[in-house]
Every structure is written in C-alpha cells, then in structure tokens.
Amino acid sequence: MALMEQFRKQGDFLFRYRSFFPIPFFLVGLGIHIYQQLQANGNFIPEYYYAICFGVGLIGLIVRIIIIGYVPKGTSGRNRTEQIANTLNTDGMYSVVRHPLYVGNFLMWLGIAMITANIWFIVIFVLAYWIYYERIMYAEEAFLREKFGQTYLDWASKVPAFIPCFKKWQSPNSYFSAKNALRREYTGLFNLVVVFFLFHYAQSVIKNDMDFTYLGENEILWFGILAFTVIFYFTVRILHKGTKLLHVEGR
C-alpha cells in the first residue's frame, strides 16, 4: 500500500476513535499529578497555576464555541463514523486556519497537560497530539480535495493548516447561533470542569493529610464551580434531548 493510502486509512480510523484519545492521556496525567503531589505533600502546584491552566483550556473551548456557532449543518460536528462536509467552510475561523476545531481541542487538552507541571509529560502530549491528528487532518483534507476540487485547493493554498494567521481573517457570512453552540458544546464545558476539579481535589486531599472532607476557601470555590456546571449540563441536556427549544433550522 502506498504511503498516501496508508495515511488516509490511518486517518479515517483515528477519526472514528478520536473521542477516546483524551482518556489514556488524562489517566496518565492524573497519575503523574498524584505522584508529584505525594512527593511534595500536596504543595507541588500553587493555586494561581490552576487558574492559568484552566484559562488555557477555556480559550480552547471558546474557540470551538465560536466555530460551532457560525457553521451550517453538515459540517464541523461531532460525527464519528465518517467525514461530512455539505459545504466548504472558508470564512470566520476557517479563514485563518484550516483545522480550527483541532486547534481548540489542542488548547483544551494542553491546559490539562499543564496542570501536571511536568515538562516531559507536556512535551510528550504535544508530540502525541501532533502525530495522532496529523493523520486525521491528512484524511480530512484528502476527502475535501476529492469533494470540492480546485475550490478546496485555492483555499488551502492561502490558509495555514494548524497555526492561525489572523491577518487573513474574513468575517463569517452567517449569523452566530448561541443555541447551536450551546447544544453542541455543553459537554465540552462539563468535561473540562470535571477534569480540573479532579486534579484540584486530588491535591487538596493529599495536602490535608488524606482528609477527603476538608473544605477550605479554594475547595469551596471548585465545588461551587462543579455544582454549577453539573446543573448547567443536565439542564441543557434535558432541553436538548427532550425539547426542540435548542433546535435551529439549518444548523
């Protein structure tokens, strides 16, 4: 099999299972985090560092929200089985980078990797992400080239693949749909908050002599953030699954 065909086949396979990519990364990162905290008696990471890491992850989520809020139905979704593209997105975030959703994902997971404060883990994550998603991006671009031909090639020749070039920004031609963004990205916020809570809670337990019930100011803050997010998650899920309130025609 030619190398091009291997890349395409590997990319299609990895695309279908990309939602599982964060799981081993999260488990290893949490293990490193707990080990380092045990070695430092729970004083390995200062509180402000959690805010910095959470900010990085939140920027990634905001990038995804902006993208999803503008794109039409049949593109840029959470489809897992096959590539879908009824139209070629070339404006908004797609005017500055060809794979903006993966840029958003990278920032979300980078924020999580940063919590460990372990430079080797962060470097390995970046390399693993690049190797994994390089195949997916190759498969997606092969699909788009076959479907849209010269139109795709003209756009791809001007827009970078992964590192945004904001000088090329073109305003979106469609309106921003908050309902669409909410319906499709509420799980991302939930997952992000839960992961950060678990990392912080692990440090708190270790720092307070394995007291699982200790509640200081920082612990109350993170419990509050988690509680709000859980309520928000199930409220949106009920509206999404049980009503048509979040349905947007054409999105």
Residues of type lysines that K179 reaches as a straight line, Cα spacing below 22 Å, ignoring anything fewer than 8 places off in the same chain: K73, K241, K244
GNM top mover of L215, L107, L14 - the chain, alpha-carbon springs below 10 Å: L215
Farthest positive-ward along the chain dipole, Cα basis, beta-carbon charges - from Q150, L61, Y129: Q150
Zone residues, the stretch 171-195, relative to D91, backbone N less than 20 Å from point 7 Å out along Cα-to-Cβ: 171-181
Electrostatic dipole magnitude of the stretch 93-251 [Cβ: Lys, Arg +1; Asp, Glu -1; Cα centre; debye, to 20]: 740
Mean Cβ count within 10 Å, highest first, over the residues of peptides 116-122, 155-161: 116-122, 155-161
For the chain, built as a Gaussian network whose Cα springs stay under 10 Å, the top-fluctuating residue of F15, F125, F166: F166
Potential extension, A178-T243 segment - 0.36 nm per residue separation minus Cα distance: 21.8 nm
Between helix 119-148 and the chain: long-axis angle, C-alpha atoms, 0 to 90°, nearest 10: 20
Efficiency of FRET between N43 and W120 - r from beta-carbon atoms, R0 25 angstrom, step 0.05: 0.75
F232 versus D209: modelled label distance in nm, points set 7 Å from Cα along the beta carbon direction: 3.6
5 angstrom amide H check on Q170, placed H, neighbours 5+ away: G92, S95
Spatially proximal aspartates and glutamates relative to K158 (Cα-Cα < 20 Å; intrachain offsets below 8 disregarded): D91, E134, E140, E141, E146
Expected 222 nm ellipticity per residue - DSSP helices of 4 or more, -39500 (n - 2.57), all of the chain, to 500: -22500 deg cm²/dmol
Proximal aspartates and glutamates to K207, defined as alpha-carbon separation beneath 13 angstrom and excluding residues fewer than eight positions away on the same chain: E47, E219
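Bear in mind these aren't lab numbers, they're just calculated from the coordinates by the rules spelled out. Please read all numbers here as calculations on a predicted model, not as lab measurements. Glycine gets a Cβ as well: all are built from the backbone with ideal geometry, and neighbour counts include every protein chain shown.
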